[in-house]
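Written out below as structure tokens is the structure these notes cover.
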Amino acid sequence: MTATKQLGEAPIRTLFFQNYGPAIISLLSSIIHQVINGIILGQQVGKDGLAAVGLYGPVVIVLVALSLPIMIGGGVLIGKSIGAGDFKQAQQVFQFATTIVILLGTCVSITAPFTAVPLARFLAGAANVTLAENTADYAFWQLVGLPFFFLGMIWGNFVRANNAPKVSRNASILAAGVNVVLDLILIVACGMGVKGASIATAVALATGATYLFVYFLKGNTHLSFSTFRFTLKLPQWKDYFKIGLPSFASEIAFSSGLLLINQSLIGFGATAVAAFGLVNYLSFLLIRPFTAAMIAALPIMSFNIGAKQPQRVLETLRFTLGFTLLLGIVVTAIGFFVSDQLIMLFSGAENMAYRKIASQAMGLYFLLFLAAGPNYLLAAFFQSTGKTVISLAINLLKGFLLIAPALMILPEYLGLPGIWLSRSLAEILTLIIVAAYTFYYKDRYFAINAIVPNT
């Protein structure tokens, strides 16, 4: 059985874990180097060093938002094209996507000298001078390395769509190893602090992208550089961006929600802002297993939509929903029971006031993981089956539309805990609303003809 044919015939559970294994290893390698990065920064620079990385998080999400329509739309179209045996169209999508992200990444990276400092002052608050300086140091090199960040994202997703998840895993492991080594050299040996951490990450991203480039050059995939042409033309561009639009809206809404939370915290002082930097940093790490589940499920669903096997698409959705629900319970428990240990690990010997605020924040903020996985999977499922509006609604509700009113209401009655609860409440309410709505109209969203018309 060929690698791509397996997607249409092998048992769903087996396929999922074949994809999830490399995806989680890839993401865990990223987590490990970020954990080591965080520990080194926390111990060498203190809470302001790690908080700078966490505060830059909303910017990362905006930048990811710029590339996600290209990554997700391209991955789904490539998966469907391969499932339908149309390898020429798969190559066209590959060329179009690569051209777009190189142009986009380069345009943003050249603005780094002018945007890093104003951006940092906005995120950290101009009055928090040290925190703002650290955030600016981190932001500058991340913006400079943006083209490699974009290429690594889309190429990694495309090789997974071509059922080669181990290649993407290897690229991530290589990048993580490079990052850890450079962290030790630049932060510890050279004393470069946050700037060193940012340079290390930028170089590591370039290394991972280079590994994927070499893989494509070898010609072991339906996607190739031997006939590659830079192009901004794609006959299916409307379908491409229609599929990718919900992911773009998701990340923009998510980033906007985080910025609202961040700005709401500035009035509570630098300690609360630094605590949010830590909690946000940890949430980015712990969301990875849920992201891996979506990454593992999308190639299976996309291929079987192209191969006109809707039952296998539904089976994939059911299995992954159950899997992420269980995973969410585990991650939420981490926020409740090991928060003090995580704070000590990443922040060193900080004062009791900081530890108390960060511990409370973690317990309340991590409730979002109860619903994060199912929301990810449902949005991806609706995206793949062309139900753009409902996928868009999920992403906007959980990312921004429910956070904004929560921030207006909850802090009035609960104070600072109300801010920590705002995002968790938005995530959970989104799942309840969407589950109730789509179940009521299940023939519109989950019927065989709704997944693959004219089946």
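Just one of (1) farther than 30 Å from Arg318 by Cα; (2) open to solvent by less than 20 Å² (accessible area, probe 1.4 Å) fails for Ala404. It is (2). Here the range 359-391 is the region considered, the condition is being within 19 Å of Ile334 (Cα to Cα) and in contact with an Asp or Glu (Cβ under 7 Å, 6 or more places away or on another chain), and the residue that is surrounded by the most Cβ atoms within 10 Å (Cβ to Cβ) is Ala372.
Screening the candidates Ala275, Ala296, Ala307 for the property of being more than 22 Å from the chain's Cα centre (by Cα) and either under 17 Å from Leu342 (Cα atoms) or crowded, with 21+ Cβ neighbours inside 10 Å (or both) yields one hit, Ala307. Selection over the range 106-126 of residues that are free of Cβ contacts under 8 Å to residues at least 40 places away in the same chain and open to solvent by 10 Å² or more (accessible area, probe 1.4 Å) gives a count of 12. Taken over the range 407-420, the criterion of being surrounded by fewer than 16 Cβ atoms within 10 Å (Cβ to Cβ) and of a type in the set (Val, Ile, Thr) is satisfied by Ile409 alone.
If you go through the range 127-136 and pick out every residue that is touching a residue at least 40 places away in the same chain (Cβ under 8 Å), in a helix (DSSP H, G or I) and open to solvent by less than 60 Å² (accessible area, probe 1.4 Å), you end up with 3.
Can you tell me which residue in the range 359-392 is nearest to the chain's Cα centre (by Cα), limited to those that are farther than 20 Å from Phe439 by Cβ and of a type outside the set (Phe, Trp, Tyr)? Ranking the candidates gives Leu368 first. Whenever a residue of the range 174-186 is over 16 Å from Thr210 (Cβ atoms) and charged (D, E, K, R), its partners that are open to solvent by less than 40 Å² (accessible area, probe 1.4 Å) and in a helix (DSSP H, G or I), lying with C-beta atoms within less than 6 angstrom and at least six residues away or across chains, give the pairs Asp183/Asn37; Asp183/Ile40; Asp183/Ala200.
Yes/no matrix, rows are residues, columns are (1) of a type in the set (S, T, N, Q); (2) modelled with pLDDT of 85 or more; (3) closer than 30 Å to Asn351 by Cβ:
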position	(1), (2), (3)
Ala175	no, yes, no
Ala200	no, yes, yes
Ala209	no, yes, no
Phe216	no, yes, no
Thr221	yes, no, no
Ser224	yes, no, no
Gly257	no, no, yes
Gln263	yes, no, yes
Ala270	no, no, yes
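Considering Val93, Val60, Val64, the condition of being surrounded by 20 or more Cβ atoms within 10 Å (Cβ to Cβ), under 21 Å from the mean Cα position of the chain (by Cα) and in a helix (DSSP H, G or I) is satisfied by Val64 alone. Exactly one residue among Ile394, Ile329 is in a helix (DSSP H, G or I), of a type in the set (A, V, I, L, M, F, W, C) and open to solvent by 10 Å² or more (accessible area, probe 1.4 Å), and that residue is Ile329.
Looking only at the range 346-358, residues that are under 24 Å from the mean Cα position of the chain (by Cα) and surrounded by fewer than 18 Cβ atoms within 10 Å (Cβ to Cβ) come to 0 in all. Per the conditions (1) of a type outside the set (Phe, Trp, Tyr); (2) touching a Ser or Thr at 6+ places or on another chain (Cβ under 6 Å); (3) modelled with pLDDT under 80, the sole criterion not satisfied by Gln95 is (3). Of the residues making up the range 278-293, those that are within 17 Å of Leu68 (Cα to Cα), open to solvent by 10 Å² or more (accessible area, probe 1.4 Å) and in a helix (DSSP H, G or I) are Phe284, Arg288, Thr291. Search the range 155-193 for residues being under 20 Å from Gln6 (Cβ atoms) and of a type in the set (S, T, N, Q), and hand back the single one that is nearest to the chain's Cα centre (by Cα). Checked the range 155-193; the qualifying residue nearest to the chain's Cα centre (by Cα) is Asn157.
The values are calculated or read from the model by the stated rules, or taken from the named source; none is laboratory data. Just so it is clear, the model here is predicted, and its values are computed rather than measured. Cβ: placed from backbone, ideal geometry, glycine included. Neighbour counts: every protein chain shown. We work out accessible area using only protein heavy atoms, side chains counted, and drop any ligands, DNA or RNA first. Shrake-Rupley method; radii C 1.70, N 1.55, O 1.52, S 1.80 Å.
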